[in-house]
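The values are calculated or read from the model by the stated rules, or taken from the named source; none is laboratory data. It should be emphasised that the depicted structure is a prediction, and the values quoted were computed from it without experimental measurement. Here the Cβ is made from the backbone with ideal geometry for all residues, glycine too, and neighbour counts use every protein chain on show.
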Amino acid sequence: MTEHLGTDGKNHLQRLASLRRPLAAIALCCSVAVSLQGCVEMMVGGAVMGSLAATDRRTFGAQTEDKTIVFKGESRVSKLIGEAGHVNVNSFNRKVLLTGEVRDEAMKAAVEREINAIENVASVVNELEIAGVSSFSSRSNDTLITGKVKAAFVDAKDLFANSIKVVTERGNVYLMGLVTQTEGARAAEVTRNVGGVQKVIKVFDYITEDELRQLSTTQDKQTAR
C-alpha cells in the first residue's frame, strides 16, 4: 500500500513509527513497575507474616490443626443447629472455646459432643448460653471491644499481644493463649480496664518461666535461619 502514497504520506508513516517505539517502551516500563510492586508487596507481606508467626508460641503444627478444627467445627455446628442458634468456634493449641447462644441444654450438649468428635481436639470449654440469638449491634459491639483489648495489650508494652487470642461475646472477654501465670494475670488486669468489658474469663494454657525461655530460644533459632 505504501507505494501508492506520496512523499507526505510516507513521512507521516515514518513519524507514526517513531512515536510507537517510545510509547511501547513506556508501556513496558509501566508493566515492569507493576510487576515489581507486586513482588515488593509479596516480600514485605511475607516478612510480616513470618514475624507474626514467630511470635506465636504454638508450634506450626498446632497452628495448622487449630485452623482445621475451627473450619470443621463451624461447618458441623452450622448443620447441627441451623437458624436455631449462634455459635462461635475458636481453637488455640487444640483447646476449643464455644461461645454464643443456643436454644436449650440439649443443643448445648450436642454442640459440645460434635466438637469433641473432631480429630486433634484436646479439650472443649463450653461457654454457650441458653438464650435468643444475639443482635447484629451486640456482635458489632463485641468486635469493637476485641479491637480495644488488643490495642491495650500493645500499649501495655509488657505483653506479647500476638501470644494471646481475644474472644468477646455479649461484652464478656475470653482470653486464650500459652502464657505464664504472671502474663495471664497482667492480661486480665489490662482487659478489665477496657471500656465496655463486662467480665474477663481466662481460658489460658499456662507454662512456666523456664518453658517460656525455652520457647523464646527455639523461636530465635528458627528466626535466625
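So, in the stretch 79-108, how many residues would count as being farther than 18 Å from GLU169 by Cα and not in a loop (DSSP other than H, G, I, E, B)? Of the residues in that region, 6 qualify. Within the stretch 193-205, can one find any residue that is assigned by TED's automatic domain parsing to the domain that holds SER134 and part of a helix (DSSP H, G or I)? Within the stretch 193-205, none of the residues are assigned by TED's automatic domain parsing to the domain that holds SER134 and part of a helix (DSSP H, G or I). Looking at (1) under 21 Å from GLY61 (Cα atoms); (2) among the hydrophobic types (A, V, I, L, M, F, W, C); (3) over 19 Å from the mean Cα position of the chain (by Cα), which is the only condition PHE160 fails? Going through (1) under 21 Å from GLY61 (Cα atoms); (2) among the hydrophobic types (A, V, I, L, M, F, W, C); (3) over 19 Å from the mean Cα position of the chain (by Cα) one by one, PHE160 breaks only (3).
From the list LYS199, LYS148, which residue is under 20 Å from the mean Cα position of the chain (by Cα), of a type in the set (Lys, Arg) and surrounded by fewer than 19 Cβ atoms within 10 Å (Cβ to Cβ)?
Numbers: LYS199 fails: under 20 Å from the mean Cα position of the chain (by Cα).
Matching residue, one of LYS199, LYS148: LYS148.
Exactly one residue among VAL111, VAL190, VAL154 is in a helix (DSSP H, G or I), in contact with a helix residue (DSSP H, G or I) (Cβ under 8 Å, 6 or more places away or on another chain) and surrounded by fewer than 14 Cβ atoms within 10 Å (Cβ to Cβ), and that residue is VAL154.
Might you let me know whether the stretch 166-173 holds any residue that is within 28 Å of PHE60 (Cβ to Cβ), at pLDDT below 95 and surrounded by 16 or more Cβ atoms within 10 Å (Cβ to Cβ)?
Taking the stretch 166-173 and keeping what is within 28 Å of PHE60 (Cβ to Cβ), we get 166-168, 173.
Subset that is at pLDDT below 95: none.
There is no residue in the stretch 166-173 that is within 28 Å of PHE60 (Cβ to Cβ), at pLDDT below 95 and surrounded by 16 or more Cβ atoms within 10 Å (Cβ to Cβ).
Inspect all residues belonging to the stretch 136-145 and state whether any of them is crowded, with 16+ Cβ neighbours inside 10 Å, within 23 Å of ASP66 (Cα to Cα) and of a type in the set (A, V, I, L, M). No, there is no match, as no residue in the stretch 136-145 is crowded, with 16+ Cβ neighbours inside 10 Å, within 23 Å of ASP66 (Cα to Cα) and of a type in the set (A, V, I, L, M).
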